[in-house]
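The values are calculated or read from the model by the stated rules, or taken from the named source; none is laboratory data. Since this is a predicted model, take the numbers as computed values, not measurements. Positions of Cβ are backbone-derived with ideal geometry, glycine not excepted, and every protein chain shown enters the neighbour counts.
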Amino acid sequence: MKARNADLWSGLALAFLAACIIVQASRWDYAGPDGPGAGFFPLWYGIAMLVLSAVLVASSLLRAQPEAVDWRGAGRAAAISAALAVAVVLFKLAGFAIGFAALAFFIVWAMYRRPWPLAAAVAVGLAGGFYVLFPLLLGVNLP
Amino acid sequence: MDVLSGLMHGFAVALQPANLLWCFVGVVLGTVVGVMPGLGPPATIAMLLPLTFLMNPAGAMIMLAGIYYGAKYGGSTTSILLNVPGESASVVTCLDGYAMARKGRAGAALGIAAIASFVAGTVGVVGLMLVAPPLAKVALAFSAPEYFSLMALGLAMVVLLAGRSMLKALLAMLVGLWIAGIGTDPFSTTSRFTFGRLELLSGIDFVVVAIGVFALGEVLACMESRAEGHALPVPKGLRNLLPTLQDLKDCRFAFVQGSVLGFLIGVLPGAGSTIASFISYGVEKAASRRPEEFGKGAVEGVAAPEGANNSETGGALVPLLTLGIPGSGTTAVLLAALVLWGFKPGPLFISENPNLFWGLVASMYIGNVMLLVLNLPLVPLFAQVLRTPGYVLYPVIIGISIVGVYSVSGSLFDVSLVVAFGVLGYLMRKLDYPAAPLILGLVLGGGMERALRQSLMMSQGDLAILATRPISAAMLGLAALILLVPLFNKLNAWRLQALE
């Protein structure tokens, strides 16, 4: 993706966020009997965000030769992010040890293409290590 | 308490066995973190912050500060051996450090880096000790309008120097302000931006955002590729790590200017150690009798930036501890740590917490000695850290991040938020949005809103109060000038040059 598109889309996303902030902030008191209300500060940074994101969108459209954003490897980052999200669900359903071991196995086996016995050993070793270090030695609760 | 008695008191605190141990743990961890490309001090401090809640605050602060300045020592190792900076402040060390290593002088480069770091680190602590108490006395005269303007100035400085695009830095800062505003309004108890979620009523914990954006964001960026670097061999034996007398003689000016410049740049919010190291390198090259050797293995090209980035640490702690204004991502995390432990960094911090302030100062002297003693003989050991495979290292960082967040709140909702902020941090890197303004906006957002609203209460709603009080007007004027820099081609070119 060219930087023009990247800036355009990030600018539009920020403009949308700014619009949401302004709409929300306008529902709260701008000023009360004791001074500025809950909506005062958010309204002004929302307006600033809207103006600046509009400038970003406009400048991305006007730029002659945008630099390319290197998206190689973004697929790997997306896969790991998705695995993290699944791991959070697993923490709730099966506990930290199983969720974390599954995540570690996925990273070693699928992301780093290491043999499955090594992946399993790393996963079990890390999950066990965390259990020994945090709840047993440091008294810190795991999810 | 005068400086000398304060320092004596500080040594009594820092030399307690437990605090000595935490100092040692901090500097070793910092060195390891500095050695590892990708994992920086803000991420490490953010990850370990929740685990420090069980510790004595003085010991915890000593350890976290040890990570901060220890990382500066470690950062040079990968720059010299691998041509990959362990952290951004060590980028410039690659130029001459790696060139020296390729000529078979890796030992001398590592030795000079350690000595420069020691000299400058000590100068930085002396500066902190001498400058912080008088500055705190001046800041006692500040009221809400001055605080608002000071925070605005701090944010403007960070925006100026955080990245190539000031527009993106400003937008990142505004997103930080928005995240800071999530939760219950402290003045009216109105719930803001909570989307009907009870978990958001008390706001989003700083630790969640910092760990997500810094630690998970960095891990996702590092895991984009399976490739791992190959380090040049480290010379064995202490004798091979010691620079020659001629090296030391060549570096004498670099030691001094790196230390002084690094400290002065550190005091300015936003400038940071990366800028300090680049400016110091530029000054050294400009003043050198043989500038043509820079980039080809000049020993001063290692000493000056390494000195500057260590001395900057002492400087950066000055506005943090005396004004409560952090100047970088790392000091923002340290500020959050102090607040979480129940302290209020600001003009009264030193007088109300002499144990913590002077204990920290004294521990930094001790920590710098520990680092010098550790770094020279143990460089080969630290270099082994580079051999840790990514498929082991990154799951460990992810695990510590998750446990750290969960230990603060005991909430899986916060764990899912940290994943979301990790993705945000990754996207910010890809799209060239700097993370530091977001974190500073988040840290300063609450205080900034409070100071602005208090100012307007004082003036019955008249914004002119910010412009009619001289100190406030001067700081706001300076902030406005800073934000206008892109309109002046020459100044903007200088800014971009400093950043690149």
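Taking B:Leu167 as the residue in question, decide whether it is farther than 27 Å from B:Gly404 by Cβ, at the interface with chain A (Cβ under 10 Å from one of its Cβ atoms) and not hydroxyl-bearing (Ser, Thr, Tyr). Criteria met by B:Leu167.
When the helices (runs of 4 or more DSSP H) confined to the stretch B:119-223 are screened for residues that are among the small types (Gly, Ala, Ser) and closer than 30 Å to B:Ala464 by Cβ, those reaching at least 2 such residues are found at B:144-162, B:166-181.
Quick one: which of A:Ser53, A:Ser60 is free of Cβ contacts under 8 Å to residues at least 60 places away in the same chain, surrounded by 14 or more Cβ atoms within 10 Å (Cβ to Cβ), among the hydroxyl-bearing types (Ser, Thr, Tyr) and more than 8 Å from every other protein chain (Cβ to nearest Cβ)?
Details: A:Ser53 fails: more than 8 Å from every other protein chain (Cβ to nearest Cβ).
Exactly one of A:Ser53, A:Ser60 is free of Cβ contacts under 8 Å to residues at least 60 places away in the same chain, surrounded by 14 or more Cβ atoms within 10 Å (Cβ to Cβ), among the hydroxyl-bearing types (Ser, Thr, Tyr) and more than 8 Å from every other protein chain (Cβ to nearest Cβ), namely A:Ser60.
Restricting B:Thr31, B:Thr44 to those that are over 17 Å from B:Ala210 (Cα atoms), buried (at least 24 other Cβ atoms within 10 Å of the Cβ) and of a type outside the set (A, V, I, L, M, F, W, C) reduces the list to B:Thr31. The residues in the stretch A:10-44 that are at the interface with chain B (Cβ under 9 Å from one of its Cβ atoms), of a type outside the set (S, T, N, Q) and more than 23 Å from B:Gly183 (Cβ to Cβ) can be counted, and the count is 1. If you filter the stretch A:112-143 down to residues that are surrounded by fewer than 16 Cβ atoms within 10 Å (Cβ to Cβ) and facing another protein chain (nearest Cβ under 8 Å), you find that the one that is modelled with the highest pLDDT is A:Arg113.
Please enumerate the residues belonging to the stretch B:357-381 that are surrounded by 23 or more Cβ atoms within 10 Å (Cβ to Cβ) and not small (Gly, Ala, Ser). Spell out the reasoning first.
Step one: filter the stretch B:357-381 for residues surrounded by 23 or more Cβ atoms within 10 Å (Cβ to Cβ), giving B:357-364, B:367-368, B:371, B:375, B:379.
Scanning the stretch B:357-381 gives B:Phe357, B:Trp358, B:Leu360, B:Val361, B:Met364, B:Asn368, B:Leu371, B:Asn375, B:Val379.
Residues of the stretch A:89-143 that are in a loop (DSSP other than H, G, I, E, B) and either of a type in the set (A, V, I, L, M) or in contact with an Asp or Glu (Cβ under 8 Å, 6 or more places away or on another chain) (or both): A:Val140, A:Leu142. In the stretch B:405-428, of all residues being surrounded by fewer than 22 Cβ atoms within 10 Å (Cβ to Cβ) and modelled with pLDDT under 90, the one that is nearest to the other protein chains (Cβ to nearest Cβ) corresponds to B:Ser407.
Mind telling me which of the residues A:Ile47, A:Ile80 ends up being part of a helix (DSSP H, G or I) and facing chain B (nearest Cβ under 7 Å)? Outline the logic, then answer.
Working: A:Ile47 fails: facing chain B (nearest Cβ under 7 Å).
After applying the criteria, what remains is A:Ile80.
In the set A:Phe96, A:Phe105, A:Phe91, only one residue is within 10 Å of another protein chain (Cβ to nearest Cβ) and at pLDDT 95 or above; that residue is A:Phe105.
Applying the criterion of being modelled with pLDDT of 75 or more and farther than 11 Å from B:Ile115 by Cα to the residues of the stretch B:229-246, the residue that is surrounded by the most Cβ atoms within 10 Å (Cβ to Cβ) is B:Thr244.
Evaluating B:Leu376 against the criteria (1) under 30 Å from A:Pro135 (Cβ atoms); (2) more than 13 Å from chain A (Cβ to nearest Cβ); (3) of a type in the set (A, V, I, L, M, F, W, C) leaves one unmet condition, (1).
Do we find that A:Asp70 is at the interface with chain B (Cβ under 9 Å from one of its Cβ atoms) and farther than 30 Å from B:Thr189 by Cβ in this structure? Don't jump to the end; show me each part of the working.
On the way: at the interface with chain B (Cβ under 9 Å from one of its Cβ atoms): yes; farther than 30 Å from B:Thr189 by Cβ: yes.
For A:Asp70, the condition - at the interface with chain B (Cβ under 9 Å from one of its Cβ atoms) and farther than 30 Å from B:Thr189 by Cβ - is met.
The set of residues from the stretch A:1-39 being over 20 Å from the mean Cα position of the chain (by Cα) and crowded, with 22+ Cβ neighbours inside 10 Å comprises A:Ala25, A:Pro36, A:Ala38, A:Gly39. Does any residue of the stretch B:145-164 turn out to be more than 21 Å from B:Leu452 (Cα to Cα), over 20 Å from the mean Cα position of the chain (by Cα) and aliphatic (A, V, I, L, M)? Scanning the stretch B:145-164, I find no residue that is more than 21 Å from B:Leu452 (Cα to Cα), over 20 Å from the mean Cα position of the chain (by Cα) and aliphatic (A, V, I, L, M), so the answer is no.
Selection within the stretch B:430-454: residues that are in a helix (DSSP H, G or I), more than 10 Å from chain A (Cβ to nearest Cβ) and more than 30 Å from A:Gly35 (Cβ to Cβ). The member of this set that is modelled with the highest pLDDT is B:Ala435.
Results for (1) surrounded by fewer than 24 Cβ atoms within 10 Å (Cβ to Cβ); (2) at the interface with chain A (Cβ under 9 Å from one of its Cβ atoms); (3) basic (Lys, Arg), shown as yes or no for each residue.
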| residue | (1), (2), (3) |
| --- | --- |
| B:Ala120 | no, no, no |
| B:Gly124 | no, no, no |
| B:Ser143 | yes, no, no |
| B:Phe148 | no, no, no |
| B:Thr190 | yes, yes, no |
| B:Ser202 | yes, no, no |
| B:Asp205 | yes, no, no |
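Restricting attention to the stretch B:1-41 and to residues that are at pLDDT 85 or above and assigned to a loop (DSSP other than H, G, I, E, B), the residue that is farthest from B:Ile80 (Cα to Cα) turns out to be B:Gln16. When A:Gly75 is tested against (1) more than 7 Å from chain B (Cβ to nearest Cβ); (2) surrounded by 13 or more Cβ atoms within 10 Å (Cβ to Cβ); (3) closer than 30 Å to A:Leu142 by Cα, exactly one condition is not met: (2).
Among the residues of the stretch B:435-494, how many are closer than 18 Å to A:Ala48 by Cβ and of a type in the set (Val, Ile, Thr)? The number of residues fulfilling the criteria is 2.
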